[in-house]
Amino acid sequence: MASDAPLPEIGSEQASSTFSDTQSTRSALSFLKIWHNVFVLNLEYSVDAAEVDLSHLDPALLGNHDICLTGQWLKTQPQEVRALDIYKHLDQLHSSFHALAAEVAKLYHSGNVEAAQALFHGLFSTVSNNVLHAMDAMFLALNGDLADTGTSTASARLKIQPIWDASFEIG
């Protein structure tokens with residue numbers, strides 16, 4: 001049963017105190033990968049199911065990489081994390097992912113369903129998979145080999161901003 005309590009804002013003190021840095025990074029990136037896949041599956045269903053009303057797919061919203069959970073999490077990271085090459089790579093891929101999602105919606109809304117489907121199943125899906133791989137690389141860069149030490153040198157040095165992990169209460 002979902003709680004009626006409001007969700008803490010991403011990056012807020014309440015959200016930040018939920019886990020230790022290592023747990024936060026692991027939980028955030030794992031949650032964000034799941035959220036990413038849910039987004040992709042919803043878009044795929046919308047594009048592939050011709051009878052679905054896609055008026056809710058606003059290309060302007062889909063193209064804004066700063067408003068989704070991954071974008072919000074990326075924006076809350078400290079400068080030390082933003083300076084990492086993998087952060088820059090993930091941020092660029094994430095931006096491209098949203099630009100392509102917007103293009104899929106534009107094609108669909110213009111009546112070019114086959115082109116929307118081709119873009120979705122082609123370049124969009126490739127970039128989507130690259131986002132997931134970059135999230136894995138980001139996790140490794142921030143946490144090192146957790147299996148060996150159980151702790152993270154990188155996350156001990158850096159104050160990683162987590163995402164609140166009460167995902168089962170959403171929606």
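The values are calculated or read from the model by the stated rules, or taken from the named source; none is laboratory data. The structure displayed is predicted, hence computed values, not measured ones. When the accessible area is computed, the model is the full protein with side chains, heavy atoms only, and any ligands, DNA or RNA have been set aside. Shrake-Rupley method; radii C 1.70, N 1.55, O 1.52, S 1.80 Å.
Measuring with a 1.4 angstrom probe and ignoring ligands and nucleic acids, LYS106 comes out at about 110 Å² accessible.
At the residue level, SER96 shows approximately 40 square angstrom of accessible surface with a 1.4 angstrom probe and all protein chains present.
Counting only protein heavy atoms and using a 1.4 Å probe, the accessible area of ILE67 comes to about 80 Å². Per residue, region 33-125 exposes 51 Å² of accessible surface when a 1.4 Å probe is rolled over the protein heavy atoms with every protein chain present.
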